[in-house]
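The structure appears right after this line, and notes come after that.
The values are calculated or read from the model by the stated rules, or taken from the named source; none is laboratory data. Predicted, not measured: the structure shown is a model, and the values here were computed from it. Cβ: placed from backbone, ideal geometry, glycine included. Neighbour counts: every protein chain shown. These accessible areas exclude ligands, DNA and RNA; they are computed on the full protein's heavy atoms, side chains included. Shrake-Rupley method; radii C 1.70, N 1.55, O 1.52, S 1.80 Å.
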Amino acid sequence: MIYKIISKGALADLFAGLQETYDEVVGPQERGPAFVFDKLSSVDEVRLNYPSTILPPTKYFLPADERLFRFDRSTGDVYDSEPAQGTRAILGMHPCDINAVLMMDEIFMGDYVDPYYETARKSSFIIGVSCMPEPGHLCAAFGADEIHRGFDLFLTDLGDRYFVSCRSVPASELMDSYVRSCEPSAEDINDFQERTKRFKEAFAPMPKMDQLPLLYGAKYFDEELWERIGDDCLSCGACASVCPCCYCFDVRDKVDPGGKTGMRHRIWDSCLKSEHAEVAHGHNFRPTRASRVRYRFFHKFVGNFSRTGKMLCVGCSRCGKACKVGINPGSVIEALQKEYLPDTAGVEVFKGGGAS
């Protein structure tokens, strides 16, 4: 890792270098009262001090609607099947979102490599940026508040300057070619450490996560508990649509009007939708809202943990903001703790869920 200090004004030079080096530069922008990741045409459009975006930047690696290939039914030919991807720089990713990308890497580039995800991932240059937690953010509880890999550059805001961490060779070359920088002084290092300390102290009390898989397993078949939690669920899938760690998708064919040619594509799906677990002859393995909510959080808190040692959540709070009925990781953890350990002294119960 190489460390540099740049002024806030040098961000314009960095952006110019990204534009010259990559086909597309995307980053957080204001959209009314919210923020979104979108294509940037000017450095003036970027907002690096944003709290969170509506959709996570993982949408660039697993798009909401992605064409896989075209086909001709009359000849049986398949064409345009190779994934095509220009180079892209993603500016301004928070640590929790970079941690989510690392989880997605394990899923789509693990034992079985998805060529579409792999192409998009390897064609991307990631620049992270420091942040301060908003109410409801649980990234510290899930260990996603820090990041040490998965990025090329990382900018830590020190007020009038950035502390820059360069992790890759392309990052160092970009800095050397386009940005005026200097080595960190003792004062810079001290300010960086103080900034990190303030970030850690800014989190509200976090729920205790070490026994969560055990708590969940003990209450998995508690129908009354899950009816109470899941009864309000609208089965809309909004939480999955904004989650940087959800990766369910459906594969569909679109046939052209002539009926001979068409396109196969994949689209986002959600385990909370009523038809997600439906199979032939109409049998549904998870017919009730309660069973679907239970399964969703089982997958995040227990299933993925048993396979990789990590819970499939980075505590970004997007799902809490998207859910209209207040179902989120915080509220589920609180319900599990209250049910399983209602009178145990010293049990720390998270208040407030994910909504802010």
* Structure fact -> Order by accessible surface, 1.4 Å probe, largest leading, for residues W226, W268 comes to W268, W226
* Over the Cα atoms of the range 2-201, what Rg and Dmax result, in angstrom? -> 18.4, 71
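Students often get this wrong, so check it: of K273/K338; K122/K197; K197/K321; K197/K219; K8/K122; K260/K300, which have C-alpha atoms separated by over 31 Å?
K122/K197; K197/K219; K260/K300
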* To do: Could you pull out which residues in the range 308-326 have an amide N less than 17 Å from a spot 7 Å beyond the Cα of R149, following the Cα-Cβ vector?
  => 308-311
* Where the only charges are on Cβ atoms (+1 Lys, Arg; -1 Asp, Glu), what is the dipole of the chain about its Cα centre, to the nearest 20 debye? -> 680 debye
* To do: May I ask you to derive the relative contact order of the range 130-185, considering only C-alpha pairs under 8 Å and at least 6 residues apart, and to give it as an integer percent?
  => 24 percent
* Distance between modelled label sites at N190 and I267, nm, 7 Å Cα→Cβ extension -> 5.8 nm
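Quick check: at a probe of 1.4 Å, how many percent of the accessible area of the chain sits on carbon and sulfur atoms?
Here carbon and sulfur together make up 51 percent of the probe-accessible area.
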* Asked: Once you charge only the Cβ atoms, +1 for Lys and Arg and -1 for Asp and Glu, what is the size of the charge dipole of the range 1-143 about its Cα centre, to the nearest 20 debye?
  -> 380 debye
* Unit charges at the beta carbon, dipole of the range 113-158: most positive-side option, T156, A140, S124 -> S124
* Asked: Out of residues 5 or more away from L68 or on other chains, whose amide H comes under 5 Å of its own, with H placed 1.01 Å from N in the peptide plane?
  -> R264, H265, R266
* Asked: Under the definition of Cα pairs under 8 Å and six or more residues apart, what whole-number percent is the relative contact order of the chain?
  -> 21 percent
* Correct option for Cα extents along the principal axes in Å [calculated from the coordinates] among (i) 99, 44, 44; (ii) 82, 43, 36; (iii) 71, 64, 40 -> (iii)
* Straight-line reach from K4: which aspartates and glutamates have a Cα under 16 Å away, not including same-chain ones fewer than 8 places off? -> D13, D152, D157, D160, E173, D176, E183, E187, D188, D191
* Considering the options V302, H265, N284, tell which one lies farthest towards the positive end of the dipole of the range 212-344, charges being +1 on Lys and Arg and -1 on Asp and Glu at the Cβ, about the Cα centre. => H265
* What is the Cα coordinate range of the range 212-344 on the first, second and third principal axes, sorted by size from largest, in whole angstrom? -> 67, 32, 31
* **Under the Karplus curve 6.51 cos²θ - 1.76 cosθ + 1.60, θ = phi - 60°, whole-Hz ³J(HN,Hα) for the range 123-138, x wherever Gly or Pro sits** => 9, 10, 10, 9, 10, x, 9, 6, 8, 10, x, 9, x, x, 5, 10
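Using mean Cβ contacts within 10 Å as the protection proxy, how do 159-172, 32-45 order, highest first?
159-172, 32-45
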* Can you list the residues, at least 5 places off or on another chain, whose amide H is less than 5 Å from the amide H of D269, using H built in the peptide plane? -> C248, F249, D250
* Structure fact -> Probe 1.4 Å, heavy atoms of protein chains only: per residue, the accessible area of the range 164-286 in Å² is 58 Å²
* To do: Can you figure out the FRET efficiency of E66 with S41, using R₀ = 30 Å and their beta-carbon distance, to the nearest 0.05?
  => 0.80
* Among M93, L234, S81, which residue has its Cα positioned farthest towards the positive end of the charge dipole of the chain, with +1 placed on the Cβ of Lys and Arg, -1 on the Cβ of Asp and Glu, and the dipole taken about the Cα centre? -> L234
* Kirkwood-based Rg to Rh ratio, the range 179-262, C-alpha trace -> 1.25
* Extension gain, M132 back to S168 (0.36 nm per residue minus Cα-Cα distance, nm) -> 10.4 nm
* Structure fact -> The correct ranking of Y79, Y112, Y50 by accessible area at 1.4 Å, largest first, is Y112, Y79, Y50
* Asked: Can you give me the relative contact order of the range 212-344 as a percent, contacts being Cα pairs under 8 Å and 6 or more apart?
  -> 31 percent
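Assign unit charges at the C-beta atoms only (+1 for Lys and Arg, -1 for Asp and Glu), then state the dipole size of the range 54-112 relative to its Cα centre in Debye, rounded to the nearest 20.
Dipole about the Cα centre, nearest 20: 220 debye.
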* Convert each backbone phi in the range 25-36 into a coupling constant with the Karplus relation 6.51 cos²θ - 1.76 cosθ + 1.60 (shift: θ = phi - 60°), then list the ³J(HN,Hα) values in order as whole Hz, x for Gly and Pro. => 10, 10, x, x, 9, 6, 9, x, x, 10, 10, 9
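Sort 288-298, 136-146, 16-26 for me by packing, meaning the mean count of neighbouring Cβ atoms within 10 Å per residue, highest on top.
136-146, 288-298, 16-26
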